[in-house]
Amino acid sequence: MKKLFLALTLSLAMTSAGIKAETIHLDRPTGHQRSAQHTISFNYGLSSIISKVYDYRAYKNYRWRAGQELQTEYTCVFAQGLGFGLVGSFNWTDYPAAQITQLHIAPEFVFARDLGDHWRIKASAGLGLAYYNDETDSRYGLGSNLSGGIEYKITRHFGIGAELNAMSGNYGKSDYNDNETDGFVRLCALVGVRFHF
């Protein structure tokens, strides 16, 4: 009888310990799981149209013409470092005959990763809508963008960053040469602020 009572007591104690251990295991934070990180950024910088731009008034071609760029971006990145985003850029570049303005709006694929407590890297690629306007013409086309950057997080929710972008807009066949397409390719160096939530 004593052996039976001892076996039952031991069995109940082990079962209770097992349930307790399982409960603690389920409630304990792992430290590796985190929800998606959302970021909104605002950037400003210099850009340069590196493709050939023909000034029909002066009968002259221009390359590497400097302009200015404004950009805003939203990204959502999951625990594995992959995510998605939406970027919008506005560019204006002055030429002797006119000012060219360009707008680019595109969804994008994003990769971002924290490097320690303060540093964060990000790369993205997108495809979307491109628009340009000058004094004589305006068109819609297909735009693409590639970017890479680094950020220093001052706090958990705020940081400053810098990035390099390559952006292009394709507007179809050229009005001046059937063997070419109209479009612009520009390189941008931007700095700005990031808000994480």
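The values are calculated or read from the model by the stated rules, or taken from the named source; none is laboratory data. Quick caveat, the model's predicted, so the values are computed rather than measured. A quick note on method: Cβ atoms are made from the backbone with ideal geometry, for glycine too, and the neighbour counts reach across all protein chains shown. In case anyone asks, the SASA skips ligands and DNA or RNA and just uses the protein heavy atoms, side chains included. Shrake-Rupley method; radii C 1.70, N 1.55, O 1.52, S 1.80 Å.
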Practice problem: Report, by residue number, each residue of segment 82-113 that is surrounded by 15 or more Cβ atoms within 10 Å (Cβ to Cβ) and over 30 Å from T136 (Cβ atoms). | Solution: G83, F84, G85, L86, E108, V110, F111, A112
Exercise. Taking Y152 as the residue in question, decide whether it is modelled with pLDDT of 95 or more and more than 19 Å from Y95 (Cβ to Cβ).
Key: yes
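Looking only at segment 128-173, filter to residues that are hydrophobic (A, V, I, L, M, F, W, C) and out of contact with any Lys or Arg (no Cβ under 9 Å at 6 or more places or on another chain); which one of those is farthest from T39 (Cα to Cα)?
Looking only at segment 128-173, we keep the residues that are hydrophobic (A, V, I, L, M, F, W, C), and these are 129-130, 142, 146, 150, 154, 158, 160, 162, 164, 166-167.
In the following step, the residues that additionally are out of contact with any Lys or Arg (no Cβ under 9 Å at 6 or more places or on another chain) were identified as 129, 142, 146, 154, 162, 164.
Values: L129: 22, L142: 26, L146: 18, I154: 14, A162: 15, L164: 18 Å.
Per the criteria, the residue is L142.
So for segment 77-85 (the condition being under 22 Å from I49 (Cα atoms) and assigned to a strand (DSSP E or B)), does at least one residue qualify? Walk me through how you get there before you give the answer.
Going residue by residue through segment 77-85, those that are under 22 Å from I49 (Cα atoms) are none.
Taking every residue of segment 77-85 in turn, none turns out to be under 22 Å from I49 (Cα atoms) and assigned to a strand (DSSP E or B).
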Practice problem: Could you check, for segment 128-140, whether at least one of its residues is among the hydrophobic types (A, V, I, L, M, F, W, C) and open to solvent by 50 Å² or more (accessible area, probe 1.4 Å)? | Solution: yes
Exercise. Please enumerate the residues belonging to segment 107-137 that are of a type in the set (S, T, N, Q), in contact with a strand residue (DSSP E or B) (Cβ under 7 Å, 6 or more places away or on another chain) and under 30 Å from R57 (Cβ atoms).
Key: N133
Self-check item: Lone qualifier among K60, K122, K52 - being among the basic types (K, R), closer than 18 Å to M167 by Cα and open to solvent by 80 Å² or more (accessible area, probe 1.4 Å)
Solution: K52
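Out of segment 155-171, which residues are open to solvent by 30 Å² or more (accessible area, probe 1.4 Å) and touching a residue at least 12 places away in the same chain (Cβ under 8 Å)? So that I can check it myself, show each step before the final result.
Taking segment 155-171 as the starting set, the residues that turn out to be open to solvent by 30 Å² or more (accessible area, probe 1.4 Å) are 155-158, 160, 162, 164, 166, 168, 170.
R156, H157, F158, I160, A162, L164, A166, S168, N170 - these are the residues of segment 155-171 that are open to solvent by 30 Å² or more (accessible area, probe 1.4 Å) and touching a residue at least 12 places away in the same chain (Cβ under 8 Å).
Could you tell me whether S89 is touching a His at 6+ places or on another chain (Cβ under 7 Å), among the hydroxyl-bearing types (S, T, Y) and in a strand (DSSP E or B)? Working first, answer last.
Numbers: touching a His at 6+ places or on another chain (Cβ under 7 Å): yes; among the hydroxyl-bearing types (S, T, Y): yes; in a strand (DSSP E or B): yes.
Yes: the conditions hold for S89.
From the residues in segment 63-72 that are out of contact with any Leu (no Cβ under 7 Å at 6 or more places or on another chain) and not hydrophobic (A, V, I, L, M, F, W, C), which one is most open to solvent (accessible area, probe 1.4 Å)?
We begin by selecting, within segment 63-72, every residue out of contact with any Leu (no Cβ under 7 Å at 6 or more places or on another chain); these are 63-65, 67, 70, 72.
Now narrow it down to the ones that are not hydrophobic (A, V, I, L, M, F, W, C): 63, 65, 67, 72.
On the way: R63: 146, R65: 71, G67: 8, T72: 62 Å².
Once the filter is applied, the top-ranked residue is R63.
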Quiz item: Within the set of pairs 6 or more residues apart or between chains, which connect a residue that is more than 8 Å from V77 (Cβ to Cβ) inside segment 34-47 to a residue that is among the polar types (S, T, N, Q) and in a strand (DSSP E or B) with Cβ atoms less than 6 Å apart?
Solution: F42/T72; N43/Q71; S47/N91
